[in-house]
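Trainee: Mind looking over this structure? Questions follow.
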Amino acid sequence: MVDPASPIDQLWWVFLTGTLVALILSAAFIASMIIQQRRYVATTRQFGGRLLLAQEEERAWVARELHDDLIQRVAMLGHELSELERLGTGSDEPLRLAGIREELHDLAGEIRRIAHRMHPAVLDHLGLPAALLQLGAEFGAQGLDVRVETSVSGDEVPRAVATCFYRVAQESLRNALRHSGSRQADVKLERDAGGLSLVVADAGAGFDPEAPAALSGLGLTSLRERLRLVQGRLAIRSVPGRGTTVSAWAPLEHAS
């Protein structure tokens, strides 16, 4: 005959069972939190990606409206003013009309520049290499000598990758112009194994990429998100006093 377990043994087994149940519940709770966190991150990234795509589409639409509607209407007004100037009879009317016509001409040029800044038409019509050359010329007019080197044709680059790389070059050159102190920058676009590579480099002041201000900058965060959408990656190498190099890479076979 087996003696029944002592009260101490019974309490021990109750304690052990309760501990195991608590551990199982804690593990289940932690696993649930991890799953929920991953779902939240995935949903947030998906939303951010859709937001960037919607923003780019909206920019393109506004640029087309500015170019195809407002600029044409300004041009028509300029033509009408030219006719009134030719037919004017008052001594000061031609001079006043000429001044208005010049203002309209300047307004049309500013609208054209805004439209191009929002979404360059050359990117859609001639492709990324031509758009980079034009971008370099624009920054050259602002005092930054940009040397563009490319061995890629426009039809090789999918539209999503082209838009992404154009924004990378635009933001990198803008930062070089504003912060580097350098008067020269290099842009290189080339193919490598299975993908496309873009490098923008300057020999300016440089910065610390690990500094909080650099890590939290909206410009670089936006560029990383854009590259994630095309399954690409962004790398920034910079040392204070030794310049900055921004490198972007994206695969071509999976781009959409």
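Trainee: Mind checking the full-extension length gain between Arg233 and Ala205? Use 0.36 nm per residue of separation minus the Cα-Cα distance, one decimal, nm.
Mentor: Taking Arg233 through Ala205 to full extension adds about 7.7 nm, to one decimal.
Trainee: Which FRET efficiency value, to the nearest 0.05, do you get for Ser82 and Ala141 by plugging their Cβ-Cβ distance into 1/(1 + (r/R0)^6) with R0 = 25 Å?
Mentor: 0.30
Trainee: List the residues, sorted by chain then number, that are 5 or more residues from Ala185 or on another chain and whose placed amide H is less than 5 Å from its amide H.
Mentor: Sorted by chain and number, the residues that satisfy this are Asp145, Val146, Arg147.
Trainee: Expected output is a single nm value to one decimal: the length gained when fully extending between Thr221 and Asp155, i.e. 0.36 nm times separation in residues minus the C-alpha distance. What is it?
Mentor: Stretched fully, the Thr221-Asp155 segment lengthens by 20.9 nm.
Trainee: Another question about this same structure. So what J values fall out for region 178-183 if you push phi through Karplus, 6.51 cos²θ - 1.76 cosθ + 1.60 with θ = phi - 60°, rounded to Hz, Gly and Pro as x?
Mentor: Ordered by residue, 3J(HN,Hα) equals 7, 10, 7, x, 7, 9 Hz.
Trainee: Say each of His125 and Arg183 gets a label point 7 Å from the Cα, pointing the same way as Cα to Cβ; how far apart are those two points in nm?
Mentor: 3.3
Trainee: Further question on the same structure: Using label points projected 7 Å from each Cα along Cα→Cβ, tell me how many nm separate Gln134 and Ala31, to one decimal.
Mentor: 5.6
Trainee: Another one. Take the alpha-carbon positions of region 163-256, form their convex hull, and give its projected area averaged over all directions (one quarter of the hull surface) in nm².
Mentor: 5.7
Trainee: Same structure, new question: Please sort 23-30, 166-173 by packing, taking for each peptide the average over its residues of neighbouring beta carbons within 10 angstrom, highest first. Present the calculation step by step, with values, prior to reporting the outcome.
Mentor: Working: 23-30: 10.0, 166-173: 22.4.
Averaged packing, sorted descending, gives the order 166-173, 23-30.
Trainee: Hey, what do the phi angles of region 219-228 turn into as Karplus ³J(HN,Hα) couplings, whole Hz, using 6.51/-1.76/1.60 and θ = phi - 60°, x for Gly and Pro?
Mentor: After applying 6.51 cos²θ - 1.76 cosθ + 1.60, I find x, 5, 4, 5, 5, 4, 5, 4, 5, 4 Hz.
Trainee: Report, to one decimal in Å, the Kirkwood hydrodynamic radius for region 141-189 based on all distinct Cα pairs. Write out the running numbers ahead of the final one.
Mentor: Working: mean 1/r = 0.0844 Å⁻¹.
Across region 141-189, the inverse of the average 1/r is 11.9 Å.
Just so you know, all these numbers are worked out from the coordinates, no wet-lab data involved. In this text the structure is predicted, and so the values were computed from the model without any measurement. Here Cβ is always computed from backbone atoms with ideal geometry, including for glycine, and neighbour counts include all displayed protein chains.
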